[in-house]
1. Of the residues 35, 43, only one is among the aliphatic types (A, V, I, L, M) and farther than 14 Å from residue 110 by Cβ; which?
2. Could you list, in sequence order, the residues of the range 87-102 that are over 12 Å from the mean Cα position of the chain (by Cα), under 30 Å from residue 47 (Cβ atoms) and of a type in the set (S, T, N, Q)?
Amino acid sequence: MTIGAAVIVGVILPVVWVLRALDLGEDSPVQALAVLAVFVGFVAGGWVASRRAARSPLTHAATAAGMAWALFIAVNLIRRLLSDRPITLVLVLTALVFLQVSVVLAMAGGWMAHRRAAVDQGTS
C-alpha cells in the first residue's frame, strides 16, 4: 500500500511543481495534460499496490489512493491555514469528489494488475 501511495505522490508532485513554477493560469490547455498526469498517477499507484498485495488487491489499491489523498489534504489544509485563506464547503465537497474519483482510478489500476497477473499465471 505505501509503495503504491509513494508512486502516486511521485507522479503527481512533479506535475504540480512544474505547473506552479510556470504559473500558466487555470484556463491554459496545459491544465488538461496535468489532469491526465494525475489520473495516470492514481492508476499506476493502484497497479503497484495491487501487484504487491498477496490478498485483496483492490483494497490495497484503494487504500494507496486514500493514503496519497490524506497527504495531499493535510498539506493543503496547512497551506490554507498558514495563508489565512478560507476552507469553504465548496472546497471540501470538491476534495471529496476528487477522492472518490482517485480511489476509482486506483482500483481500476489494481484490477488491471490483478487481471494481468491472472493471465500471466494462466488462471484467467
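The values are calculated or read from the model by the stated rules, or taken from the named source; none is laboratory data. In this text, all values refer to a predicted model and were calculated from it rather than measured experimentally. Heads up, the Cβs are rebuilt from the backbone with ideal geometry, glycines too, and the neighbour counts pull from every protein chain shown.
1. On the way: 43 fails: farther than 14 Å from residue 110 by Cβ.
Result: 35 is the single residue among 35, 43 that is among the aliphatic types (A, V, I, L, M) and farther than 14 Å from residue 110 by Cβ.
2. Passing the criteria: only 94.
Residues are listed down the side, and each one gets a yes or a no for (1) over 17 Å from residue 10 (Cα atoms); (2) at pLDDT 95 or above; (3) out of contact with any His (no Cβ under 9 Å at 6 or more places or on another chain); (4) not in a helix (DSSP H, G or I):
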position	(1), (2), (3), (4)
59	yes, no, yes, no
75	no, no, yes, no
81	yes, no, yes, no
104	yes, yes, yes, no
107	yes, yes, yes, no
113	yes, no, yes, no
117	yes, no, yes, no
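So that you can scan it fast, the table gives a plain yes or no per residue for (1) under 22 Å from residue 36 (Cβ atoms); (2) aliphatic (A, V, I, L, M):
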position: 63; (1), (2): no, no
position: 83; (1), (2): no, no
position: 93; (1), (2): no, yes
position: 104; (1), (2): yes, yes
